[in-house]
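K.L.:
Dumping the structure here so I can ask a few things about it.
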Amino acid sequence: MKRLIPAIAATALVLAAGCKLLDTASQVATTGLVAAGAITPSQAEGINKTASATGKLFDRLTPENEYWIGRSVGASILQTYKPYNNEAANHYLNVLGQVMALASDRPETFGGYHFLVLDTDEINAFAAPGGLIFVSRGLIKCCKDEDSLAGVLAHEVAHVQLMHGLKSIKTSRFKDAAFTVGIEAGKNLGGEQLAQFTTVFEGTLNDITSTLVDSGYSRSLEFDADAAAVTTMNRVGYNPAGLREMLKQMEALWKPGKGFGKTHPTPADRIKAIDSKLKGTGEVAKPAGRQARFQKAMAGV
Amino acid sequence: MTSRLTTIAGIVALLIATGTFASGREMSVEVGSGDIRSQPSGFSSVVASVKYGDRLTVVEEKGGWTKVTTADQKTTGWIATSSLTKKRIVLAAAGKDAGTGASSGEVALAGKGFTEEVEKQYKAKHANIDFSMIDKMVKSKISNSELLTFLKDGGLKIPEGGAK
């Protein structure tokens, strides 16, 4: 015990030192802004207080900020992919998605979870920060039953829960002086400051959207989302083997360099990563009522 | 003596590290609208609805859910811990100086940073980006009763609470 306490104290010191580095960066930025007359010394003090009070940089974004970022990320995705105009399919996706969200470790977000089918054969899905989730017809076609689709949605909810989208924002955005000023202000930003802050906003959207559409998350974040999906599925009684079934279907339709083929680990690698969590799960049962409603809602997809 | 001091310093460091000192008895709602439920489960009945910035008194915490009492003391129930923050959330008054209103470790300013105001600017710069479907999506809401029927009809489990 005696040995443990100094170790904890040392850890606390290291943590404090880490915060200190952020402090310094923020103070340098704010000092420059005060000198330039962009902000008052009291504004600088407020900003520096925040920087010292927070650990990770992206923690400076509130759930409210996350919501407004997510809306624009979603709108940007809908520039490329058109919504699938099928009320029954979209309603079913929202009910099932809500079930998975409520069973997850983050049941509520600032603006709630909302789901939409995208009208494309490409295998793809996007989770915008805050809970706007898009799933392509192509990905739904990889699902032969509700348990499989529940796995897809639980995986996307996990990206929101684990804030993977926000984590893809480049650190350089947070070091931008316009960010430092804007993140603390908002309504009281003047014309020029607001214009500069809007440019930072555009950069932030670009970081997230390009990660979602082009570069993808790291393999480990995808495996984390699969692992969280298995947990969520178990809580409501879906067989997590549905996720494996879906990945097997996806393997047959896999196109490298397109959709998930561009942004995700291969289905085989994902199956390998979750396999230990699926021991003893057996075949995915298809209770009559569950299968009937899945087939009815997804008939046209 | 030195050993005792080290122990005390160690305990203090531990308490700071685990946030014990910072976690007051009150917490704020940090989702736009949140539900307080009868059980620590997202599928149990809703006993009260709370909104962004509301202060709640913490009774206990269990597996990702926090038992709270509302400010008017009338309702006690469970809300997702992820919907709460230790910070006090204050609304930004229009035209208020950011220096006096700026966030600190204990206070978060609502309506700061990336908000509707910034979205408006962004829309003005990119008139070609259509937000109508996003507006439609965020308005949709599935009722608790529909979710319960969906679980029952599908032969699924209704988590009784303590989901983690």
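The values are calculated or read from the model by the stated rules, or taken from the named source; none is laboratory data. Since this is a predicted model, take the numbers as computed values, not measurements. As a convention, Cβ positions derive from the backbone with ideal geometry for all residues, glycine included, and neighbour counts pool all protein chains shown.
K.L.:
Among residues belonging to the stretch A:76-116 that are buried (at least 24 other Cβ atoms within 10 Å of the Cβ) and aliphatic (A, V, I, L, M), point out the one that is nearest to the chain's Cα centre (by Cα).
P.N.:
A:Ala101
K.L.:
Any residue in the stretch A:270-281 that is of a type in the set (A, V, I, L, M) sitting within a Cβ distance under 7 Å of a residue that is outside any helix (DSSP H, G or I) and surrounded by fewer than 16 Cβ atoms within 10 Å (Cβ to Cβ)? List the pairs, counting only those 6 or more apart or interchain.
P.N.:
Every condition considered, no pair remains.
K.L.:
Where residues in the stretch B:112-164 are of a type in the set (S, T, N, Q) and within 30 Å of A:Lys286 (Cα to Cα), which of them is nearest to the other protein chains (Cβ to nearest Cβ)? Break it down stepwise before answering.
P.N.:
Within the stretch B:112-164, the subset of a type in the set (S, T, N, Q) is B:115, B:121, B:128, B:132, B:140, B:143-145, B:149.
Among the residues that remain, those that are also within 30 Å of A:Lys286 (Cα to Cα) are: B:140, B:143-145, B:149.
Numbers: B:Ser140: 6, B:Ser143: 10, B:Asn144: 9, B:Ser145: 12, B:Thr149: 9 Å.
Looking at the filtered set, the residue picked out is B:Ser140.
K.L.:
Moving to a separate point now. Pull up the stretch A:171-199, narrow it to residues that are in contact with a Leu (Cβ under 9 Å, 6 or more places away or on another chain) and hydroxyl-bearing (Ser, Thr, Tyr), then point me to the one that is farthest from the other protein chains (Cβ to nearest Cβ).
P.N.:
A:Thr171
K.L.:
Here's something else I'd like to know. Consider the stretch A:223-278. How many of its residues are over 18 Å from the mean Cα position of the chain (by Cα) and of a type in the set (Ser, Thr, Tyr)?
P.N.:
Number satisfying all stated conditions: 3.
K.L.:
While we're looking at this one, here's another question. Return the pair list, or none, for Cβ contacts closer than 7 Å from residues in the stretch B:125-137 that are among the acidic types (Asp, Glu) to residues that are assigned to a helix (DSSP H, G or I), at least 6 apart or on different chains.
P.N.:
Short answer, once both residue conditions are applied: B:Asp130/A:Ala75; B:Asp130/A:Leu78.
K.L.:
So, one more: Could you count how many residues in the stretch A:277-297 are surrounded by 11 or more Cβ atoms within 10 Å (Cβ to Cβ) and either in contact with a strand residue (DSSP E or B) (Cβ under 9 Å, 6 or more places away or on another chain) or not in a loop (DSSP other than H, G, I, E, B) (or both)? If you could, list the steps in order and put the result at the bottom.
P.N.:
Of all residues in the stretch A:277-297, those surrounded by 11 or more Cβ atoms within 10 Å (Cβ to Cβ) come to A:277-278, A:281, A:284-287, A:289-297.
Next, only the ones that are either in contact with a strand residue (DSSP E or B) (Cβ under 9 Å, 6 or more places away or on another chain) or not in a loop (DSSP other than H, G, I, E, B) (or both) stay: A:277-278, A:289-297.
Qualifying residue count for the region: 11.
K.L.:
Kindly indicate whether any position in the stretch B:91-100 is at pLDDT 65 or above, polar (S, T, N, Q) and more than 15 Å from the chain's Cα centre (by Cα). Explain how you work it out, then say what you get.
P.N.:
Keep residues of the stretch B:91-100 that are at pLDDT 65 or above, which gives B:91.
With the extra rule that they be polar (S, T, N, Q), the set shrinks to none.
No, the conditions are met nowhere in the stretch B:91-100.
K.L.:
Within the stretch A:150-170, can one find any residue that is more than 13 Å from every other protein chain (Cβ to nearest Cβ), of a type outside the set (A, V, I, L, M) and touching a Gly at 6+ places or on another chain (Cβ under 7 Å)?
P.N.:
Scanning the stretch A:150-170 turns up at least one residue that is more than 13 Å from every other protein chain (Cβ to nearest Cβ), of a type outside the set (A, V, I, L, M) and touching a Gly at 6+ places or on another chain (Cβ under 7 Å).
K.L.:
With the checklist (1) farther than 19 Å from A:Pro265 by Cβ; (2) touching a residue at least 24 places away in the same chain (Cβ under 8 Å); (3) within 12 Å of another protein chain (Cβ to nearest Cβ) in hand, flag the one item A:Asp207 doesn't pass.
P.N.:
(3)
K.L.:
Restricting to the stretch A:245-271, and then to whatever is among the hydrophobic types (A, V, I, L, M, F, W, C) and surrounded by 15 or more Cβ atoms within 10 Å (Cβ to Cβ), can you tell me which residue is farthest from A:Asp224 (Cα to Cα)?
P.N.:
Step one: filter the stretch A:245-271 for residues among the hydrophobic types (A, V, I, L, M, F, W, C), giving A:246-247, A:250, A:252-254, A:260, A:268, A:271.
Checking the rest, the ones that are also surrounded by 15 or more Cβ atoms within 10 Å (Cβ to Cβ) come to A:246-247, A:250, A:253-254, A:260, A:271.
Details: A:Met246: 17, A:Leu247: 16, A:Met250: 19, A:Leu253: 23, A:Trp254: 21, A:Phe260: 16, A:Ile271: 13 Å.
Among those that are among the hydrophobic types (A, V, I, L, M, F, W, C) and surrounded by 15 or more Cβ atoms within 10 Å (Cβ to Cβ), it is A:Leu253.
K.L.:
Take the stretch B:30-42 and flag every residue that is surrounded by fewer than 23 Cβ atoms within 10 Å (Cβ to Cβ) and within 16 Å of A:Gly112 (Cα to Cα).
P.N.:
B:Gly32, B:Ser33, B:Asp35
K.L.:
I'm checking my understanding of the structure. Among residues of the stretch A:78-117 that are away from chain B (no Cβ under 11 Å) and of a type in the set (A, V, I, L, M), which one is farthest from A:Thr62 (Cα to Cα)?
P.N.:
Taking the candidates together, the pick is A:Ala88.
K.L.:
Considering only residues that are surrounded by fewer than 17 Cβ atoms within 10 Å (Cβ to Cβ), over 15 Å from A:Gln196 (Cβ atoms) and touching a residue at least 40 places away in the same chain (Cβ under 8 Å), which ones fall in the stretch A:168-181?
P.N.:
If the condition is that a residue be surrounded by fewer than 17 Cβ atoms within 10 Å (Cβ to Cβ), over 15 Å from A:Gln196 (Cβ atoms) and touching a residue at least 40 places away in the same chain (Cβ under 8 Å), then A:Thr171 is the only one that fits.
K.L.:
Step by step: first the residues of the stretch B:141-157, then only those that are under 23 Å from the mean Cα position of the chain (by Cα) and in contact (Cβ under 8 Å) with a residue 40 or more places away in the chain, then the one that is surrounded by the most Cβ atoms within 10 Å (Cβ to Cβ). Which residue is that?
P.N.:
Among those that are under 23 Å from the mean Cα position of the chain (by Cα) and in contact (Cβ under 8 Å) with a residue 40 or more places away in the chain, it is B:Leu147.
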